Amino acid sequence: MTATAPTPRQPESPAPVPRELGTVYVTGGASGLGAALVDAVTAAGGKPVVLDRVAPAAGVPHAVVDLSDSAAAAAAVERLALEVGPPDAVVTAAGTDACGRLDEIDVETWERVVRVNLFGTVAVVRAALPHLEERRGTVVTVASTLGLKGVSDATAYCASKFAVRGFSQALAAELAGRVGVTCLVPGGMRTAFFDGRTEQYRPGPDADLNDPRATAAAVVTALRQPVGCEIREMLVMASGETSWP
């Protein structure tokens, strides 16, 4: 019997290397999930840079900007790129809401929700794209469980967050192999987002809401994926929340 030559062993490819965070632009970084992201990025060795209508914690590089103004948002990105350094990643955590029936909310208030949540997201991502492509960076957009399921008295918020999710899917297809795109779909969190609402639109005392620090940690996981590997969509919520499915 003739001996069969052993099959040559293929050399193992090197283990994937987690991405360094670098400079991460965070919209809405002065409070809520955005502020938790600033802390999480810092703890993971990155440099957070904030775009918000109010200044973030002391010492964090930032631009004070109204994200409902697309031109101002884009200009803020360009200014920060020159003053602080261009982004390796962008996380669009800024968001606002207007609760109530459609016929009860004035046009300006309703449309501002869409301008901040959708147009602000698009403006910042668009302005950051040349820098992200140079670095093969990452975008994390922030939708919502109410971007998966519509509920009464939230037409503006649902419309904007459904749109963010659609924008993210299209952007991921458009930028495949050049810039990573993750859409974060968070449930409700224990933040000031619900402050100022009338009682009927606030979570009840027994509501199961997520800690924003846990959601921020999930975002860091997405940001640290090796080049060429992407978490395209990520649903993060408290185990007992009712907004999904």
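The values are calculated or read from the model by the stated rules, or taken from the named source; none is laboratory data. What you see is a predicted model; the values in this text were computed from it and never measured. Cβ coordinates were reconstructed from backbone atoms using ideal geometry, including for glycine residues, and neighbour counts include every protein chain displayed. These area figures cover heavy atoms from the full protein model, side chains too; ligands, DNA and RNA do not enter into them. Shrake-Rupley method; radii C 1.70, N 1.55, O 1.52, S 1.80 Å.
Looking across the range 26-40, the residues that are surrounded by 24 or more Cβ atoms within 10 Å (Cβ to Cβ) and not aliphatic (A, V, I, L, M) come down to T27, G28, G29, G34.
Among the residues of the range 96-119, are any open to solvent by less than 10 Å² (accessible area, probe 1.4 Å) and either free of Cβ contacts under 8 Å to residues at least 12 places away in the same chain or touching a strand residue (DSSP E or B) at 6+ places or on another chain (Cβ under 6 Å) (or both)? Looking through the range 96-119, none of the residues is open to solvent by less than 10 Å² (accessible area, probe 1.4 Å) and either free of Cβ contacts under 8 Å to residues at least 12 places away in the same chain or touching a strand residue (DSSP E or B) at 6+ places or on another chain (Cβ under 6 Å) (or both).
Among the residues of the range 49-57, not a single one is assigned to a loop (DSSP other than H, G, I, E, B), on the phi < 0 side of the Ramachandran plot, without any contact (Cβ under 8 Å) to a residue 12 or more places away in the chain and of a type outside the set (V, I, T). Just one of the listed residues (A30, A15, A94) is assigned to a loop (DSSP other than H, G, I, E, B), at pLDDT below 95 and among the aliphatic types (A, V, I, L, M), and it is A15. Considering only residues in the range 41-51 that are open to solvent by less than 20 Å² (accessible area, probe 1.4 Å) and not β-branched (V, I, T), the one that is farthest from A214 (Cα to Cα) turns out to be L51.
Comparison of A173, A143, A163, A156 shows that the only residue that is free of Cβ contacts under 8 Å to residues at least 12 places away in the same chain and either hydrophobic (A, V, I, L, M, F, W, C) or within 15 Å of T96 (Cβ to Cβ) (or both) is A173.
Filtered by the rule that a residue be closer than 10 Å to V50 by Cα and touching a strand residue (DSSP E or B) at 6+ places or on another chain (Cβ under 6 Å), the range 7-36 gives V24, Y25, V26, T27, G28, G29, A30, G34. Exactly one residue out of A214, A192, A218 is surrounded by fewer than 12 Cβ atoms within 10 Å (Cβ to Cβ), of a type in the set (G, A, S) and under 20 Å from G34 (Cα atoms), and it is A192. Residues in the range 158-189 that are within 18 Å of R115 (Cα to Cα), open to solvent by 30 Å² or more (accessible area, probe 1.4 Å) and not charged (D, E, K, R): 5 in all.
Listed by first and then second residue, the pairs with beta-carbon distance under 9 Å, at least 6 apart or on different chains, first residue in the range 179-193 and under 30 Å from E133 (Cβ atoms) and among the hydroxyl-bearing types (S, T, Y), second assigned to a loop (DSSP other than H, G, I, E, B) and open to solvent by 10 Å² or more (accessible area, probe 1.4 Å), are T182/Q225; T182/E230; T182/I231; T182/R232. Looking across the range 195-230, the residues that are in contact with a Leu (Cβ under 9 Å, 6 or more places away or on another chain), closer than 22 Å to T42 by Cα and of a type outside the set (K, R) come down to P212, T215, A216, A218, V219, V220, A222, L223.
On the given criteria, is E20 in contact (Cβ under 8 Å) with a residue 24 or more places away in the chain and acidic (D, E)? The answer is yes for E20.
Look at D153 and say whether it is touching a helix residue (DSSP H, G or I) at 6+ places or on another chain (Cβ under 9 Å), open to solvent by 30 Å² or more (accessible area, probe 1.4 Å), farther than 22 Å from S31 by Cβ and of a type in the set (D, E, K, R).
Considered against the rule, which asks whether it is touching a helix residue (DSSP H, G or I) at 6+ places or on another chain (Cβ under 9 Å), open to solvent by 30 Å² or more (accessible area, probe 1.4 Å), farther than 22 Å from S31 by Cβ and of a type in the set (D, E, K, R), D153 comes out as yes.
Residues that are more than 27 Å from A43 (Cα to Cα) and not hydrophobic (A, V, I, L, M, F, W, C) do not occur anywhere in the range 183-194.
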